[in-house]
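Okay, structure first, notes after.
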Amino acid sequence: MNSIMETICLICTRVRHKTKQDTSFPKLLVELRRGFKRAGLDLKIRSQTKKFLDTKEFYVNAYYDPEDDQNRETPIEVIIYHNFDKDIVWTNKQITELLVQVFDATVHEYKHQRQSRKRDYTEFWKRVDAEQQFHEYLQDPDELDAYALSIAIELCRTVGKFRALRYMPKFTTLARLKVQEQYVSPNLNAYVSHFEKPISPLLRRLAKKVYVRLMKVDTDHIFM
């Protein structure tokens with residue numbers, strides 16, 4: 001995954017450089033789309049207004065569709081949910097925060113693409129009813145593998161690779177660690193909160209996978 005991470009990191013870095021001053025959200029969105037297109041990465045980026053969000057709030061989701069991939073249609077879609085005033089000028093900090101979320105969501109979905117292509121585009125998790133969906137989703141082997149990568153990226157960004165490795169024997173403690181009132185890995189915290197009581201074997205598998213990802217990941221290719 002280091003090669004795709006390197007490409008996406010370069011895209012985000014160039015977009016941040018080009019949008020340092022006098023940038024509005026529409027301009028930032030245009031630069032993002034251009035950046036991915038120039039790099040030859042086949043994905044869609046769109047935005048959607050959510051009125052319940054504050055004017056400074058946003059979150060990013062992304063989706064991979066194996067059927068679209070198999071049919072040589074655009075397989076990954078990135079959606080930025082927001083309630084922005086289109087005319088407000090963004091600060092460099094806000095730009096970076098958005099690009100971090102885009103980087104993380106996109107890398108996660110490219111991991112799913114790699115998983116799917118290895119088994120000839122079989123759907124990567126079983127559809128279930130709404131009550132079971134989140135629980136089953138987190139336990140799916142592909143999601144566990146993809147989130148191990150996402151968690152490793154978050155930890156490298158917040159506490160550093162080698163400090164994270166030292167914390168691995170205290171996995172649940174690491175899940176609760178905060179820096180500036182934010183969890184060092186929101187995804188790790190979500191897993192531990194969901195499966196800690198009783199302690200699930202799934203957390204032990206996740207810890208091993210995160211350790212492997214931490215060992216393999218090239219921190220130069222993580223957008224920060």
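The values are calculated or read from the model by the stated rules, or taken from the named source; none is laboratory data. These figures come from a predicted structure and were not determined experimentally. For neighbour counting, all protein chains shown are included, and Cβ atoms are generated from backbone atoms with ideal geometry for every residue, glycine included.
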Worksheet, complete the sentence: Given the conditions (1) aromatic (Phe, Trp, Tyr); (2) on the phi > 0 side of the Ramachandran plot; (3) loosely packed, with under 12 Cβ neighbours inside 10 Å, every one holds for PHE52 apart from (2)
Practice prompt. Out of the residues in the stretch 184-224 that are more than 13 Å from ALA164 (Cβ to Cβ) and outside any helix (DSSP H, G or I), state the one that is nearest to the chain's Cα centre (by Cα).
Written response: PHE223
Worksheet item: Is it the case that LYS44 is at pLDDT below 95 and surrounded by 14 or more Cβ atoms within 10 Å (Cβ to Cβ)?
Response: no
Discussion item. I'm trying to understand the selection: among the residues of the stretch 167-183, which are aliphatic (A, V, I, L, M), outside any helix (DSSP H, G or I) and either exposed (fewer than 15 other Cβ atoms within 10 Å of the Cβ) or not assigned by TED's automatic domain parsing to the domain that holds VAL217 (or both)?
Written reply: VAL179
Worksheet item: What's the number of the condition THR74 fails, among (1) of a type outside the set (A, V, I, L, M); (2) within 18 Å of the chain's Cα centre (by Cα); (3) under 18 Å from ILE4 (Cβ atoms)?
Response: (2)
Discussion item. I'd like to check something: does the stretch 6-21 contain any residue that is out of contact with any Lys or Arg (no Cβ under 7 Å at 6 or more places or on another chain), farther than 24 Å from LYS216 by Cβ and of a type in the set (Ser, Thr, Tyr)?
Written reply: no
Worksheet entry | Members of the stretch 111-166 that are assigned to a loop (DSSP other than H, G, I, E, B), at negative phi and either at pLDDT below 90 or polar (S, T, N, Q) (or both) | ARG119, THR122, GLU123, PHE124, TRP125, LYS126, ARG127, VAL128, ASP129, ASP140
